[in-house]
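Some notes on the structure that comes next.
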Amino acid sequence: MKRKPTAFITGGSRGIGYGIAEHLARTGFDLAINGVRPEMLVTDVLDNLRALGADVMYCPGDIASRDDRLSMLEKIKAHFGRLNVLVNNAGVAPKERRDILEATEESFEYVVSTNLQGAYFLIQAAANWMIEQKRDNPDFVARIITISSVSATVASVNRGEYCVAKAGLSMATQLFAARLGEFDIPVYEVRPGIIQTDMTAGVTAKYDKLIADGLCVQKRWGLPDDVGRAVASLARGDFPYSTGQVIMVDGGMTLPRL
């Protein structure tokens, strides 16, 4: 029996990550799901994904931690023996939104260590393993997909650390796309807009009004399902000649308009 490809989704137990996991399970991937919650608190999520036909393992850990990153990859190697797709999705918001004239270094370090530094070095570690797999089997297929945000280019002065981290992650996508081209490992960026998740629950009223007033061309919130559809398309190889490119999932929010 042909083995299914394996995808590792950071932050895959909730929100956008779970929307991605659902679509990859339906597409025919086995899954390694990362989160920071204990496994006993995500059993329903894992069972739902298994019901879609995937072999699912849970990899608890903080991607800001080098030891956790390496431990998770070792667990995936021990369980599946392969990694075809890395979906870099895990991220945190500032614990408190502050104007950039008042924001703290502690908040900057908290956000950047997860959203940029942790993601950057997870890509590095996964990419090196993918290169090994390619050398052992020239037919091995590998891809890397990073979930950034419209905040990579849209300035929010009350959460500057988040914008800086996402802008850096966007450049990381270009860097790894350029470096991994010789190994035929495409690297993509998916850039969501305003997505309805627990992370945006505290600003629902604000964005309800902005969307109603025309912030987005498509006058609705984005959903984790919207992002999941885009990632599944990239993961299954629908865009084989588009490495380094940005896929916008923002309802036309960043479309220039007069």
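Within the same chain, lysines fewer than 8 places from Lys2 are excluded, and of the rest, those with a Cα less than 30 Å from its Cα are Lys75, Lys77, Lys134. When each of the peptides 83-96, 216-229, 137-150 is scored by how many other beta carbons lie within 10 Å of its residues on average, the order from highest to lowest is 83-96, 137-150, 216-229. The helix-only estimate of mean residue ellipticity at 222 nm for the chain, built from DSSP H runs of length n ≥ 4 each weighted as -39500 (n - 2.57), is -12500 deg cm²/dmol after division by the residue total.
Distances between placed amide hydrogens fall under 5 Å for Met248 paired with Arg191, all partners being 5 or more residues away or on another chain. One Cα centroid belongs to the range 129-159, the other to the range 32-80; the line between them spans 18 Å. Rounded to the nearest whole Hz, the Karplus-based 3J(HN,Hα) values (6.51 cos²θ - 1.76 cosθ + 1.60, θ = phi - 60°) of the range 55-68 follow the sequence 7, 10, 10, 9, 10, x, x, 9, 5, 6, 9, 4, 4, 5, with x at glycine and proline.
The angle between the Cα long axis of helix 15-27 and the main principal axis of the chain comes to about 40°, on a 0 to 90 degree scale. Contact order, relative form, for the range 6-249: 22 percent (alpha carbon pairs under 8 Å, 6 or more residues apart, mean separation divided by residue count). Restricting the calculation to Cα atoms, every distinct pair contributes to the Kirkwood radius of the range 102-258, found to be 16.9 Å.
When the chain is treated as a GNM with alpha-carbon contacts under 10 Å, the residue of Ile100, Ile16, Ile247 showing the greatest mean-square fluctuation is Ile100. Cβ crowding within 10 Å, taken as a proxy for footprinting-reagent exposure, orders His23, His79 from fewest neighbours to most as His79, His23.
Report Rg(Cα)/(2.2 N^0.38 Å) for the range 34-160, keeping two decimals. Ratio of Rg to 2.2 N^0.38 Å for the range 34-160: 1.23. Annotation for Arg220 and Met171: the two label points, set 7 Å from Cα along the Cα-Cβ direction, are 3.7 nm apart.
No value in this document is a laboratory result; all are computed from the given coordinates. Since we're looking at a predicted model, the values are computed, not measured. We place every Cβ from the backbone using ideal geometry, glycine too, and count neighbours over all the protein chains shown.
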